[in-house]
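Right, one structure below, let's go through it.
The values are calculated or read from the model by the stated rules, or taken from the named source; none is laboratory data. Computed from a predicted model, the values in this text were never measured in an experiment. Every residue, glycine among them, receives a Cβ derived from its backbone with ideal geometry; neighbour counts consider all protein chains shown. Note: accessible area is taken over every heavy atom of the protein model, side chains too, but ligands, DNA and RNA are not part of it. Shrake-Rupley method; radii C 1.70, N 1.55, O 1.52, S 1.80 Å.
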Amino acid sequence: MHTVNILRNGVLLNPKLKSSPGRLVRNFSRVASYNKKFQSSRNYSSLNFYNRVSSYGGSFQFLSRQVANARFYSSENKNDPPEDDPGVKDETPLFSSHLPATVAVPEVWPQVPVIAINRNPVFPRFIKLIEISNPALIDLIRRKVKLNQPYVGIFLRKKEDEKSDVVSNLDDVHQVGVFAQIHEMQDMDYKLRLVVMAHRRIRITGQFIEEEIETGPAETDAERRRRKYRNNRRQKNEPEGEEKVEKKKPILDQVLMVKVENVMHDKFQQNEEVKALTQEVIKTIRDIINMNPLYRESLHHMLAQGQRVVDNPVYLSDLGAALTGAEPAELQAVLDETDIPKRLLMSLSLLKKEYELSKLQQKIGKEVEEKVKQQHRKYILHEQLKVIKKELGLEKDDKDAIGDKFRERLADKQVPQAVQTVIDEELNKLNFLESHSSEFNVTRCYLDWLTSLPWGVTSEENLKLDDAQVILDEDHYGMEDIKKRILEFIAVSQLKGTTQGKILCFHGPPGVGKTSIARSIARALNRQYFRFSVGGMTDVAEIKGHRRTYVGAMPGKLVQCLKKTNTENPLVLIDEVDKIGKGVHGDPASALLELLDPEQNANFLDHYLDVPVDLSRVLFICTANVVEHIPEPLRDRMELIDMSGYVAEEKMAIAQQYLVPTARKNCGLSDEQLDLQPEALHSLIKSYCRESGVRNLQKHIEKIARKVAYKIVKQESDSVVVTDANLSELVGKPTFKHDRMYEVTPPGVVMGLAWTAMGGSTLYIETALRNAQRDDKSPFGSMELTGHLGDVMKESARIALTVARNFLVKYHPDNTFLNTSHLHLHVPEGATPKDGPSAGCTITTALLSLALGKSVRPQLAMTGEISLTGRILPVGGIKEKIIAAKRVGVTSVILPEENRRDFDDLPAFIRENIEVHFVSDYEEVFKTAFDQESFEEFEEKEN
């Protein structure tokens, strides 16, 4: 029996078949001869097939070449053409099944087994591979084939997610399908593989149920063994204890057979519209074939038939739809359509979509191919260039070039032996790594940092005192103690012959020049300058570096500083050290301990480098606003230098020598165009910029310069002379309208002196009666505190009340005012927080002034902490407090005796025109605050 060998991807569908290539060619030659014989003997039309063969319900179709609507079940004929090799007779069957012979496909077949498929419907005159696994359907088809009825109906399922070969309801499949003939059947025990060929459209008219099962011919031995094998598998899958019922009756919950009728297309005429549609379909198919090589080999021979294909619009419409990968609903619509012109139009629409998709696919493919070609060409040229340079000796291999570059960096450096050992190990490791690996890049980056550091490289320092003095005086006015400390450092270095890094900490209010003086020191010492701020820093890796295992790892700030400055002895400014933070990634303040400790920073270990780095030659300078906010262990490693605020005379000199010339230069003005008179500067300092620093003063002077530049550009004036009269027009109304709240303080009010982060300031202590009428029910007095006072200041107020009561009891026993009155103590500017113990003697004096009904002497201010026994204790911020007192016109100040040395260290121009009384006990404060007659009256009453 001769059958057709159908190939899928070059492999025979029957896995048991083992035929040689020559035998395969002879089989196809035999089929071709049968096709010619069938075409000459019967009036079957010439067909071309594009069949998508599928495994397990797939949809890969295979189109045969000029395969007639023939029978592949006929017995061997004596008139068959001879094979290529007559000496070799091929008796190997192509498939294991034996299909009975048939004469012709019937025109009408009313009942057929129904096979439900997914995704793509089958069109007439196309071949499809189908695999079914339903036992009932397998038995039915096998029985039909044995009865010489190898016909089935193939219908598209409405729901694609179903995997069964049968349906339970006719509504689950589309009503229009195809009538197909089984060409090949292969029994695979647990499933059945069919090769079917569709012939015509059919429509379901109803379900057909057989009353009894026909037995058919007797079983062969092989079929009997397969049936026993299937029965054994079914029995194993049946649950225990249940009765085994033989399926001798039809299964009513599955549709196995259906009644069908042929679907005939409507009559049509070969008019101009049909011809145009046919030509357009042919043209579109040719365009798709030319664009997509997937269809070219299968359809080239078919489209060469030209005229006969054009003459068959019915076939062309099915062919066009089958070529596309449209949705199942669209393909089923083509299958349902009976109007040939409409069917052609629908197929043409699907072909056009497929053509546009092919065009887009080709465009994307070309773009990707062009990009790949360019990259490949660039890569080839680079590789060729490398080989050419290597042959000419112009360039070495990448790894050799990288290694030589690192070695050249270390040629003039004195690398420590421990570091040199690490570098050599990493260079050897680099030679064994692939250049495209991630570890190669990590090692190369690590070597880059190691070789970029200035091992043994230092800048030559300027150790001449005169040169340093000139530079410091040029950049800054005043700051005698700071300049003296820098000159001392230079002198010690000159005597020792070597320099050693120190840790200086400048602390003071904002705008006094802490950061700028560090830059001047670097210029005076001829050191490289590097600044980084630690304000708000929460990650310890910013100082100590990251581990190399992390992605994007980098060394700390100090290693980056050494690489940038390229010297081992730079000047490093650590700014805002009092505002350092603490987060989940460690405590940066603790990490600074190793960095700023002179005993440890000679072997500073960075996490990234993992080799000791000598930082002992680095001069560290830190800046802070409030020293108390610096952690105690860190503050212990620093040499604190106080940079207090400036008095009006210093501000005037700084403005005339530095701020005004700089503002003229930045705004492009000359000395004639902007003339800032001294009285205008004095008013600016007194009424607008009272803070300790000069930053706000600089902003106001720049504001004046900008307004003058605007007037000159607008040609309103050629030059502007700024005086006290027109100052408000340029900078607005004065910020401070009055110097003092009281010209003459009433009884119960005393002026005190306070220190803030912005400098010194004056504040008044006000006391008054809260309830003028005495309450006999509550003979003990009380005191209420207001003015946003802190806990320390509240305690000072209670101590001052006790001291004042004891003072009255001692010198005026009859005066019970403080014991029985309800008092109220207030510090003005209530929105400003106030805290500290330095107002103790001031509060005591205010309470005694209220109790005696006498005012203190005019133009008097005081500061000092008071103890419970009346002792006056020292306080801080003497310079800022004296400056604040002079600013408001105070001529007499009371200070604790232990602050005498702080006052003596002040410049002479600050100590001028002010009378200072140093006291150690409150009796001295009382004698100074009130006149001597009042104290003598006290003594007389006591005696």
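Just a few scattered comments:
- Test: residue in segment 611-623 that is open to solvent by less than 30 Å² (accessible area, probe 1.4 Å), acidic (D, E), in contact with a helix residue (DSSP H, G or I) (Cβ under 7 Å, 6 or more places away or on another chain) and modelled with pLDDT of 85 or more: no
- Residues in segment 638-696 that are in contact (Cβ under 8 Å) with a residue 60 or more places away in the chain, part of a helix (DSSP H, G or I) and in contact with a His (Cβ under 8 Å, 6 or more places away or on another chain): A648 only.
- Annotation note: of P896, P858, P874, the sole residue that is in contact with a Cys (Cβ under 9 Å, 6 or more places away or on another chain) and either at pLDDT below 95 or over 16 Å from Y764 (Cβ atoms) (or both) is P896.
- Every condition in (1) over 30 Å from V627 (Cβ atoms); (2) modelled with pLDDT under 90; (3) open to solvent by 80 Å² or more (accessible area, probe 1.4 Å) holds for R706 except the one numbered (2).
- Subset of segment 529-580 [more than 25 Å from the chain's Cα centre (by Cα) and part of a loop (DSSP other than H, G, I, E, B)]: N566, T567, E568, N569, P570, E576, I580
- Whichever residue in segment 473-484 is under 18 Å from F620 (Cα atoms) and modelled with pLDDT of 85 or more and, among such residues, is most open to solvent (accessible area, probe 1.4 Å): K484
- Matching helices (runs of 4 or more DSSP H) fully within segment 245-344 where at least 1 residues are at pLDDT 80 or above and buried (at least 17 other Cβ atoms within 10 Å of the Cβ): 272-291, 313-323, 328-336
- Residue pairs meeting the criteria (Cβ under 7 Å; at least 6 apart or on separate chains; first closer than 22 Å to V173 by Cα and open to solvent by 20 Å² or more (accessible area, probe 1.4 Å), in segment 144-158; second of a type in the set (D, E) and modelled with pLDDT under 90): K158/D172
- Test result for A846, out of contact with any helix residue (DSSP H, G or I) (no Cβ under 7 Å at 6 or more places or on another chain), open to solvent by less than 40 Å² (accessible area, probe 1.4 Å) and assigned to a helix (DSSP H, G or I): yes
- Of all residues making up segment 852-899, the number that are among the acidic types (D, E) and in contact with a Pro (Cβ under 7 Å, 6 or more places away or on another chain): 2
- Scanning segment 391-440 for residues that are within 23 Å of G552 (Cβ to Cβ) and touching a residue at least 60 places away in the same chain (Cβ under 8 Å) yields one hit, V422.
- Verdict on I209 being closer than 18 Å to P135 by Cα, modelled with pLDDT of 55 or more, surrounded by fewer than 17 Cβ atoms within 10 Å (Cβ to Cβ) and of a type in the set (V, I, T): yes
- Check on T443, under 35 Å from the mean Cα position of the chain (by Cα), within 18 Å of N569 (Cα to Cα) and surrounded by 15 or more Cβ atoms within 10 Å (Cβ to Cβ): no
- Counted residues, segment 405-440 - those being more than 24 Å from V613 (Cα to Cα), open to solvent by less than 70 Å² (accessible area, probe 1.4 Å) and not aliphatic (A, V, I, L, M): 3
- Here is the figure for segment 496-528: residues that are assigned to a helix (DSSP H, G or I) and at pLDDT 85 or above total 12.
- Segment 783-838, subset part of a helix (DSSP H, G or I), among the hydroxyl-bearing types (S, T, Y) and out of contact with any strand residue (DSSP E or B) (no Cβ under 9 Å at 6 or more places or on another chain), residue least open to solvent (accessible area, probe 1.4 Å): Y811
- The criterion of being open to solvent by less than 20 Å² (accessible area, probe 1.4 Å), free of Cβ contacts under 8 Å to residues at least 60 places away in the same chain and not polar (S, T, N, Q) does not hold for L753.
- Given (1) over 60 Å from the mean Cα position of the chain (by Cα); (2) open to solvent by less than 10 Å² (accessible area, probe 1.4 Å); (3) not polar (S, T, N, Q), index of the condition D139 fails: (2)
- Selection from segment 581-593 of residues that are part of a helix (DSSP H, G or I) and open to solvent by 50 Å² or more (accessible area, probe 1.4 Å): S590
- Residue count for segment 849-873 under the criterion of being open to solvent by 10 Å² or more (accessible area, probe 1.4 Å), assigned to a loop (DSSP other than H, G, I, E, B) and farther than 23 Å from N913 by Cα: the result is 6.
- All conditions but one from (1) open to solvent by less than 10 Å² (accessible area, probe 1.4 Å); (2) under 27 Å from R548 (Cα atoms); (3) touching a Gly at 6+ places or on another chain (Cβ under 6 Å) apply to L596; the one that does not is (3).
- Within segment 110-136, being among the aliphatic types (A, V, I, L, M) and under 60 Å from the mean Cα position of the chain (by Cα) holds for V114, I115, A116, I117, V122, I127, L129, I130, I132.
- Conditions (1) of a type outside the set (D, E, K, R); (2) closer than 29 Å to E628 by Cα; (3) out of contact with any Lys or Arg (no Cβ under 8 Å at 6 or more places or on another chain): number failed by F918: (3)
- Any chance Q420 is polar (S, T, N, Q), more than 30 Å from F489 (Cβ to Cβ) and modelled with pLDDT of 90 or more: yes
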